[in-house]
There are 2 protein chains.
Amino acid sequence: MEIREIRIENLDTQDFIRKKASELSSAVGDGLAVNALSGGVDSSAATMLGHRALGDKLKTYFVENGLMRAGEPERIVALFAGLGVPVKIVDARDQFLGALKGLTDPEEKREAITRVFYRDVFGRIVKDSGAKYLLQGTNYTDVEETVAGIKRQHNILEQLGIDTQEQYGYKVLEPLIQLRKSAIRKVANALGLPEEIYGRPPFPGPALAARVIGEVTPERVETVRKATTIVEEELSGSRAFQYLAILHQDRVTGIRDGKRDYGLQIEVRCWESKDAKEGSPTRLPYELLEKLSERLTGEVPGVVSVTYNVTRKPPSTIEAI
Amino acid sequence: MEIREIRIENLDTQDFIRKKASELSSAVGDGLAVNALSGGVDSSAATMLGHRALGDKLKTYFVENGLMRAGEPERIVALFAGLGVPVKIVDARDQFLGALKGLTDPEEKREAITRVFYRDVFGRIVKDSGAKYLLQGTNYTDVEETVAGIKRQHNILEQLGIDTQEQYGYKVLEPLIQLRKSAIRKVANALGLPEEIYGRPPFPGPALAARVIGEVTPERVETVRKATTIVEEELSGSRAFQYLAILHQDRVTGIRDGKRDYGLQIEVRCWESKDAKEGSPTRLPYELLEKLSERLTGEVPGVVSVTYNVTRKPPSTIEAI
């Protein structure tokens, strides 16, 4: 089936929401649907749209994988509770961190996270609930990139090993699949989500594991989590497309208490981009870079060095892993 | 014996040169002295002063360790030949690169280089030549830092395991030991060395091995050598205290020919400093950082990412290793 993009300039958000809610309602009927909310723009919009269409017939879960930003699960659940949408937290920290233990290869890490999420955690939720429908926030860029072989995400059927509806009886519902991110932001706004959600910079599927070069241990996640909080605090005012902190595996020489010490390095990236296909580093004022460095070396234990990415995409990518 | 600093404001370069040349001449008499020239300010000034005082009684060697910057041995030897000073190149590339094979710990790498230089290579030169005198460019900061336990360099007697003159019959001659770097630059200028020598930014003793995080292989040295050429070309006009390229061991995602590729990252550092004790990153224009990134990713095979250091010393250090 060919999927046709609805371009942002042709999007009537209220009309789109009415139409998609109606389609979801017809599709699910008296059945039950489930979805996973991550707090990103896509899954947040899908959750709001799903609840408007299905009410109690949609069960929403937040999978706590131990790789989230500081305070994220509680914050997202509270925010949706305030909007009248109940979200259940599934504590799967041990499963994710256990599967990541000892892995340093980026592809193996990515694969472990996908496997635990779709097979072990979300796969079980779907089966235990008896749901016949999976609601997902798949967007048009995901489809394009999957076809191009660049990344494979949100493609839950395939990743579950579930090939067709005939074989397993699940149906995937993807109401946002004709929209790109900027259009989804408009829909999210129209659905009543606050700007802190609809205006959110993109965040990677593997969460903070994508921001740790080398092995992902609870200690290293905690280091990059602290760094992420600082970078987001300092750069949210920049209005950049995306900004992130990366914990390197390489150690570099620093000075602690007047003596040499091999410490940690954090790389900061901040991007100007329209659609993530191409990007250039934001020309942040040096005062801000120096403040970032002071906070990161002063507040994150073990960090002695901070660098700023100055390479465009391509040949770089937005994330380091 | 207490060594007293001659401060730059009290330095009469011509008087200093006459006095030190006379002392060297008296000390060596009819004997033979040897020295190693690296092309840095200190060893270049010691070489010129030594030849003015001793003429043919000083034999000067350039140890090619395979860790030098592009074209460096030939360039330095030609430059000194033009000044009437013959310098013999000692090819010790295999010894250095062999000793570094498999080592990733910074301390072990540093120790291997020191051992090969002083024991295997220069130790043999001293013994084979029958020289009774070693001329060295030790400066006042080296003495201070050795006493403080920060670094131990130029201390050839101790590193050779040669403790006293009585025991081995060698005498170390250190005519620049009362001067700091800025004063040595003035002396180097007065000795007729060109600005490209007396105005040179500092360069680490372990040479490009200090600019490679992880194992130092011929391929990785070649990568950082290419990067160093570009960084020095682009930043020599900045008049900064020091500027350098560091090859990381961590790999990061890049895009090559439209596909994902885990490639190399180069970190650029450029320092404002008076004496290397403290330093701050130079506020380079973004146009220059972007040009550096374009050249490094375009001209150095395998490089997909370039970062710029934004941390002060302390808690960072000038070099990464």
A:GLY205 vs. criteria modelled with pLDDT under 95, surrounded by 20 or more Cβ atoms within 10 Å (Cβ to Cβ), in a loop (DSSP other than H, G, I, E, B) and of a type outside the set (A, V, I, L, M, F, W, C): no
Can you say whether B:SER182 is more than 14 Å from every other protein chain (Cβ to nearest Cβ), open to solvent by 40 Å² or more (accessible area, probe 1.4 Å) and over 21 Å from B:GLY71 (Cα atoms), as far as the supplied structure shows? yes
Of the conditions (1) buried (at least 18 other Cβ atoms within 10 Å of the Cβ); (2) out of contact with any Asp or Glu (no Cβ under 6 Å at 6 or more places or on another chain), the single one that A:GLU64 does not satisfy is (2)
Can you name the residue in the range B:25-65 that is under 26 Å from B:ASP120 (Cβ atoms) and basic (Lys, Arg) and, of all such residues, is nearest to the chain's Cα centre (by Cα)? B:LYS59
The residue from A:GLY71, A:GLY123, A:GLY98, A:GLY84 that alone is small (Gly, Ala, Ser), farther than 21 Å from A:ARG200 by Cβ and open to solvent by 30 Å² or more (accessible area, probe 1.4 Å) is A:GLY98
When you scan the range B:270-321, how many residues do you find that are at the interface with chain A (Cβ under 9 Å from one of its Cβ atoms) and among the basic types (Lys, Arg)? 3
Go over the candidates B:VAL216, B:VAL187, B:VAL224 one by one and state the one that is farther than 26 Å from B:GLU294 by Cα and open to solvent by less than 40 Å² (accessible area, probe 1.4 Å). B:VAL187
For A:GLY298, the lone unmet condition from (1) among the small types (Gly, Ala, Ser); (2) in a strand (DSSP E or B); (3) open to solvent by 10 Å² or more (accessible area, probe 1.4 Å) is (2)
Close pairs from the range B:293-313: first over 15 Å from A:PRO314 (Cβ atoms), partner basic (Lys, Arg), Cβ under 9 Å, at least 6 apart: B:GLU299/B:LYS226; B:VAL300/B:LYS226; B:PRO301/B:LYS226; B:THR307/A:ARG269; B:TYR308/B:ARG269; B:ASN309/B:ARG269; B:LYS313/B:LYS277
Which one of the conditions (1) within 12 Å of chain A (Cβ to nearest Cβ); (2) in a helix (DSSP H, G or I); (3) hydrophobic (A, V, I, L, M, F, W, C) does B:ILE246 fail to meet, given that it meets all the rest? (2)
Subset of the range B:101-112, residues more than 17 Å from the chain's Cα centre (by Cα), open to solvent by less than 40 Å² (accessible area, probe 1.4 Å) and without any contact (Cβ under 8 Å) to a residue 60 or more places away in the chain, comes to none
Selection within the range A:106-142 - at pLDDT 85 or above and closer than 19 Å to A:ILE177 by Cα: A:TYR133, A:LEU134, A:LEU135, A:GLN136, A:GLY137, A:THR138, A:ASN139, A:TYR140
Quick one: which residue in A:ARG18, A:ARG4 is open to solvent by 60 Å² or more (accessible area, probe 1.4 Å), outside any helix (DSSP H, G or I) and either touching a Phe, Trp or Tyr at 6+ places or on another chain (Cβ under 9 Å) or of a type outside the set (Ser, Thr, Tyr) (or both)? A:ARG4
Would you check which residues across the range B:250-276 are more than 20 Å from the chain's Cα centre (by Cα) and surrounded by fewer than 18 Cβ atoms within 10 Å (Cβ to Cβ) and list them? B:ILE255, B:ARG256, B:ASP257, B:GLY258, B:LYS259, B:ARG260, B:ASP261, B:TYR262
Sort through B:TYR262, B:TYR308 and tell me the only one that's in a strand (DSSP E or B) and over 19 Å from A:SER305 (Cβ atoms). B:TYR262
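The values are calculated or read from the model by the stated rules, or taken from the named source; none is laboratory data. Every value quoted in this text rests on a predicted model; they were computed, and no experiment measured them. Here Cβ is always computed from backbone atoms with ideal geometry, including for glycine, and neighbour counts include all displayed protein chains. These accessible areas exclude ligands, DNA and RNA; they are computed on the full protein's heavy atoms, side chains included. Shrake-Rupley method; radii C 1.70, N 1.55, O 1.52, S 1.80 Å.
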